[in-house]
Amino acid sequence: MASPLLAMTGIVKEYPGVRALDRVDFDLYAGEVHCLVGENGAGKSTLMKILGGAVQMDGGTIAIDGRKTVIGSPVDAQRLGIGVIYQDFRLVDELSVAENIVLGQEPEGYGFLTVLDRKAEHKRAQEVLALLGESLDTRVPAGMLSAAKRQIVEIAKALSRNVRILVMDEPSASLSDHELNNLFAIIRRLKSEGVGVVYISHRLEEIFSIGDRVTVLRDGSRVETGAVQRMDRRTLIRLMVGRELEQEFPREDFAPGGEILRVDHLNAGMLKDISLSVKEGEIFGIAGLVGAGRSELAHVLFGAGVRDSGSVLLKGEIFDPRSPGEAIEAGCGLLTEDRNRYGLILQMNVRENVTLSNLMELVRGLVIDRRSERTTAERFARQLKIKAPSVEVSVETLSGGNRQKVILARWLFTQSKLLIFDEPTAGIDVGAKREIYMLMNDLVRRGIGVIMISSDLSELLGMCNRIAVMCDGRITGILKREEATQEAILSLATQFAEAEDHAG
């Protein structure tokens, strides 16, 4: 057998009070896709950050082409032909798409006097995007893009560097099926050119679609490495969580109750004639392809988008928020699709993020009662099983699943009547997903309205009582549980495209 392109041996990483990686071995051969899976906090991203030079290991060795090397910085990694697409986007919002894609590859010359060929820069960016089947305007600032398009730019940025080792940490979290198929085609081309790909994903179906080998990490240790073709979904889940997971979608049936939300003939921007209702005792799902208008609807309901016409009632009262603040005051909460940009203040600690939207509840006289604030945050941390050393640690140190729970704790503290979950399990492991689903059940049990927007049809089918399907800013159908199938949803999600095909 050929020598591995990459060999990481006995990797150790310690943080105060926790050993994030405990003598982990991982290797990668040229022309293979080696998948890396495990629960949030298992050590996957930490291991890859060490490879990418963003984090320094405390023990172990790294060898490339059989030669031991030291990766002291991202620049070292880049020079060694290592590219990393991180789960947390690393784009500069103020720079254009093209500038982000070529960032760090500017010609060496006379320092600040170096003249950049902007025309060539945009041409190169467009060429790389074309490989992904995308035709973005490369002059647009990255900060103006949706989460899905930002993900595309991150992938293009890595591909532009002619890497030998490419790490993809949750690359599909915001991608449509079409974009994912394009990504897989690129990965297969890279394999044929001898590039080694490390693929990290919580969507286990992707592991079986694209992977050659898979390594499972649990609690900072390597549990198993083996050929993907010798694994199945149930085995992977058992290895990840350390036990058999009896029920992936813990759906409960509740007695139907009164109406919590009613939307009648809502028009707002791309949204056209939206009508729906959410009732007590149900999880109401919203499906549709990327760009169908799902997040736009969530933003309008949350007061972050301008409504043109139509009416909305929340618990029988007129609900017309002109800002997120007014929506929160009326009892509506939104767990955003991009939790890191819009849902959390990463530099703040858990306590501050939990209480941020309802600080007046903690004011005593003219100041915030810090003791009550801490007690409140600790209560929600216990209730939601937030894994953190304390509520005083920075949110950016938490895993994706625990960050999501911090946002949920905030809305529970505001005593919301309606909670909108936009892609609630993106980038979250199968065990943490189940916890989120169980928390949704608990919300419904308490009479809180729950809307779940998701690109994962299996979770919509597994958890929702009714599913509204959107296409081109419209609701093309609302399916009851017994009539909802993947085929029925996809047919409604492409209704206008199919109509155009027939017309053509």
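Since every read-out is calculated from the coordinates, none of them should be taken as a lab result. It should be emphasised that the depicted structure is a prediction, and the values quoted were computed from it without experimental measurement. Cβ atoms come from the backbone with ideal geometry, glycine included; neighbour counts cover every protein chain shown.
What to note about this one:
- Here's the list of lysines a cross-link from Lys123 could span, going by alpha-carbon distance under 16 Å and ignoring same-chain residues fewer than 8 apart: Lys157.
- Karplus-derived HN-Hα couplings along region 5-13 (A = 6.51, B = -1.76, C = 1.60, θ = phi - 60°), whole Hz, x at Gly and Pro: 5, 10, 9, 9, 10, x, 6, 10, 9
- ³J(HN,Hα) computed for each position of region 201-212 - Karplus, 6.51 cos²θ - 1.76 cosθ + 1.60, integer Hz, glycine/proline x: 7, 8, 8, 5, 4, 5, 4, 6, 7, 10, x, 9
- The order of Tyr15, Tyr199, going from fewest to most other C-beta atoms within 10 Å of their C-beta, is Tyr15, Tyr199.
- Normalised by the number of residues in region 207-325, the mean separation of alpha-carbon contacts (under 8 Å, six or more apart) gives a relative contact order of 19 percent.
- Bridgeable aspartates and glutamates around Lys417 (alpha carbons under 14 Å apart, same-chain partners fewer than 8 residues away excluded): Glu259, Glu280, Glu282, Glu317, Glu326, Glu329, Asp442.
- Computed [θ] at 222 nm, helices only, for the chain once each DSSP H run of length n ≥ 4 contributes -39500 (n - 2.57): -10000 deg cm²/dmol
- Close amide-amide hydrogen proximity is noted between Asp27 and Met8, each under 5 Å apart and 5 or more residues distant or on a separate chain (H modeled in the peptide plane; Pro and chain starts excluded).
- Cα-based radius of gyration of region 397-475 once divided by 2.2 N^0.38 Å, which approximates compact folds: 1.12
- Computed extension length for Arg189-Arg382: 64.8 nm, one decimal, from 0.36 nm per residue of separation with the Cα-Cα distance subtracted.
- Euclidean distance of C-alpha centroids, region 193-242 and region 305-344, integer Å: 39
- Fraction in percent of alpha-carbon pairs per bin - 10 Å, the chain: 4, 18, 28, 27, 17, 6, 1, 0
- For Lys119, a cut-off of 16 angstrom between C-alpha atoms picks up these aspartates and glutamates, skipping any fewer than 8 places away in its own chain: Glu99, Glu106, Glu127, Asp137.
- Remark on Thr476: its backbone amide H falls under 5 Å from those of Val469, Met470, Cys471, a criterion applied only to residues 5 or more positions apart or on other chains, H modelled at 1.01 Å from N.
- Computed over all pairs of different Cα atoms, the Kirkwood value for the hydrodynamic radius of region 333-486 is 16.5 Å.
- With a Förster radius of 45 Å applied to the C-beta separation of Ser309 and Asp117, the computed FRET efficiency comes to 0.40.
- DSSP bridge pairs, the chain: antiparallel proportion in percent, nearest 5: 55
- By the count of other C-beta atoms within 10 Å, a proxy for reagent exposure, Cys332, Cys471 are ordered fewest to most as Cys471, Cys332.
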